[in-house]
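Each value in this text was obtained by applying a stated rule to the coordinates, not by laboratory testing. All figures in this text were calculated on a predicted structure; none of them were measured in a lab. No Cβ is skipped: glycine too gets one built from the backbone with ideal geometry, and neighbour counts run over all protein chains shown.
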Amino acid sequence: MRSFDFKKSYEELKINGEVYKIDFSDAKLKEYRKSFNEFYAESQKMQSVNTSELAKDDELKQFEHATDLTRKAIDKLLGDGSFNKLYEQSGRSLFNMMDLVEFLAELVGEKTNKVRKERAHKYIKHKKQRQKGNKR
């Protein structure tokens with residue numbers, strides 16, 4: 001008897017000794033892409049600002065905006081409240097947290113590309129098998 005089992009639609013990830021579960025369902029992948037696109041677009045805007053020309057209040061707003069963007073991205077993937085806990089563990093370093101966002105973005109990108117390549121490979125394999133069957 002043939003059998004089929006679904007692969008798990010999540011991945012477990014250990015961050016600073018704690019295990020987090022990232023949901024890789026189709027709907028979540030779309031949310032993650034949207035979140036990362038927003039994060040990178042806003043990051044680009046922020047990098048174009050000359051902070052040495054900003055007033056202290058504007059500089060503080062810029063930092064708060066960066067923190068909020070990072071919080072949204074991390075909480076989206078790892079669950080609400082994850083940012084606050086990890087921020088403390090990171091030594092309250094926004095740079096460390098941005099490195100984590102980049103790591104998570106790479107992980108999601110790798111997962112999506114892997115699935116896409118596997119599906120393309122299976123499609124091509126089945127197509128070749130059908131073509132061989134038609135030639136007989």
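Using 7 Å Cα-to-Cβ label points, what is the residue 62/residue 128 separation (nm, one decimal)?
5.4 nm
Mind checking the full-extension length gain between residue 41 and residue 94? Use 0.36 nm per residue of separation minus the Cα-Cα distance, one decimal, nm. Show your work: numbers first, answer last.
Numbers: separation 53, 0.36 × 53 = 19.08 nm, distance 1.76 nm.
Extra length available between residue 41 and residue 94 comes to 17.3 nm.
Test of understanding: in a Gaussian network model of the chain with alpha carbons linked when under 10 Å, which of 91, 17, 81 would top the mean-square fluctuation ranking?
Its mean-square fluctuation being the largest, the pick is 17.
Place +1 on the Cβ of every Lys and Arg and -1 on the Cβ of every Asp and Glu in the chain, take the dipole about the Cα centre, and give the residue among 95, 84, 6 whose Cα lies farthest towards its positive end.
6
Can you check what the Kirkwood hydrodynamic radius comes to for the chain, Cα pairs only, in Å to one decimal?
Numbers: mean 1/r = 0.0562 Å⁻¹.
The answer is 17.8 Å.
Run the quick spin-label model on residue 19 and residue 53: label points 7 Å from Cα toward the beta carbon, then report their separation in nm to one decimal.
5.2 nm
Positive end of the dipole of the range 14-136, charges at C-beta (+1 Lys, Arg; -1 Asp, Glu), about the Cα centre: which of 113, 17, 70 has its Cα farthest in that direction?
Positive-most Cα among the choices belongs to 113.
If each of residue 11 and residue 33 carries a label point 7 Å out from its Cα toward its Cβ, how far apart are those two points in nm?
My value for the distance between the label points is 1.6 nm.
Expressed as an acute angle from 0 to 90° and rounded to the nearest 10, what is the orientation of the C-alpha long axis of helix 26-47 relative to the principal long axis of the chain?
40 degrees
Tell me the angle of helix 94-135 to the major Cα principal axis of the chain, expressed in degrees between 0 and 90 and rounded to the nearest ten.
10 degrees
Placing unit charges on C-beta atoms (Lys and Arg positive, Asp and Glu negative, everything else neutral), compute the dipole magnitude of the chain about its Cα centre in debye, rounded to 20.
Values: 30 positive and 23 negative charges, 445 e Å.
So the magnitude is around 2140 debye.
Sorted from fewest to most neighbouring beta carbons within 10 Å, what does the list 2, 119, 33 look like? Intermediate values should be presented prior to the final figure.
Details: 2 3, 119 10, 33 14.
If I rank by nearby Cβ atoms, fewest first, I get 2, 119, 33.
Where nothing but the Cβ of Lys and Arg (+1) and of Asp and Glu (-1) is charged, how large is the charge dipole of the range 1-68 around its Cα centre, in debye to the nearest 20? Let's see the in-between values first.
Details: 12 positive and 15 negative charges, 117 e Å.
It works out to roughly 560 debye.
With a cut-off of 8 Å between alpha carbons and a minimum separation of six or more residues, what is the relative contact order of the chain in percent? Before the final figure, lay out the partial values.
On the way: 65 pairs, mean separation 23.9, N = 136.
With pairs under 8 Å counted, the relative contact order is 18 percent.
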